[in-house]
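What follows is calculated from the coordinates using simple rules that are stated; it is not laboratory data. All values reported here derive from a predicted model rather than from experimental measurement. FYI the Cβ positions are ideal-geometry reconstructions off the backbone, even for glycines, and counts take in every protein chain you see.
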Amino acid sequence: MEIILIRHGKPTSAKNARLTAGGFAQWVRQYNLANVADDSRPKECLAEDLSQYFVLASDFKRAIHSAKIFTKQAPDLVLTELREMDIPRYKFPLHLKAWTWVYLNRLCWMLGLKGSFESYKEAKQRANLATNRLLELVQHQEKLLVFGHGYMNFHIRKQLVKQGWQLNSKNSDYWGITLNDPHEKVLITSNMIEAP
């Protein structure tokens with residue numbers, strides 16, 4: 001049995017412009033609706049025969065599009081549990097670059113600041129559900145190829161480690177690959193795919 005987690009490719013809207021809080025809210029909406037950019041492609045593919053894998057993806061376009069790019073087929077199953085944890089949008093009177101907004105808002109979100117979006121506690125609960133769903137599926141499908149998101153993949157890896165898996169390395173870059181082997185209780189993340 002095997003689970004491979006892959007972060008999606010770079011979205012078309014992943015630009016780092018300076019924005020107000022309102023502009024950032026629009027940036028998040030565009031990011032969540034975007035496909036993968038034409039210039040974002042995996043530099044290497046897995047050595048395995050991908051037809052042996054049951055392919056899953058988050059329901060965000062960038063994850064589904066990444067699955068199609070990587071495997072040349074649509075995912076076998078799309079799971080809402082795998083979607084990225086919400087990017088919070090607080091109305092701070094600031095003018096910052098988009099990715100600075102992401103990190104600042106995520107920090108406030110993790111510290112418990114509430115808003116009209118999924119709380120950090122709810123997001124972690126969903127990561128637990130996603131991990132359990134993958135572990136159930138791998139019992140029947142043997143090999144899973146999962147196209148998801150950086151922060152959600154981080155929390156899924158964290159849950160696997162809690163269940164006795166060993167994390168040897170990690171990669172949250174675009175197209176970053178995480179290999180999981182339950183027999184060896186080893187969680188390996190490869191850094192062989194392009195960075196953002």
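Data table
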| quantity | calculated |
| --- | --- |
| Counting all C-alpha pairs of the stretch 1-70, share separated by more than 17 Å (%) | 50 |
| Where the Cα pairs of the stretch 2-190 fall when distances are cut into 5 Å bins, in % | 1, 8, 16, 20, 20, 15, 10, 6, 2, 1, 0 |
| Distance in nm between pseudo-label sites at ASN132 and PHE54 (7 Å out along the Cβ direction from Cα) | 1.8 |
| Spin-label proximity, PHE154 to the stretch 3-44 - amide N less than 15 Å from point 7 Å beyond Cα toward beta carbon | 7-8 |
| Relative contact order (%) - the chain, alpha-carbon pairs under 8 angstrom, separation at least six | 32 |
| Backbone N within the stretch 21-39 under 11 Å of label point (7 Å from LEU104 Cα along the Cβ vector) | 21-22, 24 |
| Förster radius 45 Å - calculated FRET efficiency between HIS140 and LYS15, Cβ distance, rounded to 0.05 | 0.65 |
| Residue-averaged [θ]222 nm for the chain, counting only DSSP H segments that reach four residues, each worth -39500 (n - 2.57) | -12000 deg cm²/dmol |
| Ranked LYS10, LYS97, LYS114, criterion: other C-beta atoms within 10 Å, fewest first | LYS114, LYS97, LYS10 |
| Furthest towards positive pole of dipole, ALA127, SER51, VAL146, structure part the chain, Cβ charges | ALA127 |
| Using alpha carbons only: equivalent-ellipsoid semi-axes of the stretch 77-136, gyration tensor based, whole Å | 27, 12, 8 |
